Amino acid sequence: MHTNIVIDSKGFATITIEASVSSDNFKKLIGFISELSMPEMPVFKGEVLELLRHGQKLAAVKLWKENTNMGLKESKDAVEVFAAKELPNLYNEQGQFRR
């Protein structure tokens, strides 16, 4: 595993981790990292939960991406982990909305 941390002029840290991990462990890692990177956790969580409850997963991913400095794929994975944890009855194991 290789880790690289860069802090920009505004004090934001970018952490790069290169490792071979299973998809389950990757989703756990993304979930952990996303919880560390959310600036206003309660407000942010509430907004994402509300979007997810209304089946607006794409909007939830966009909101996540805008507030965490994560890429699109990482934001999607983080929302899926968050949805599985917070709304297990609305989302299946693959993070797909149950209609």
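Before moving on, here are some points about what is shown:
- Pairs where the first residue, in segment 74-87, is among the acidic types (Asp, Glu) and the second is at pLDDT 80 or above and in a helix (DSSP H, G or I), C-beta under 7 Å, 6+ apart: Glu86/Leu49
- All conditions but one from (1) at pLDDT below 70; (2) assigned to a strand (DSSP E or B); (3) of a type in the set (S, T, N, Q) apply to Thr16; the one that does not is (1).
The values are calculated or read from the model by the stated rules, or taken from the named source; none is laboratory data. Owing to the predicted nature of the structure, the values given are computational and were not obtained by experimental measurement. Positions of Cβ are generated from backbone atoms using ideal geometry, with glycine treated the same way; all protein chains shown enter the neighbour counts.
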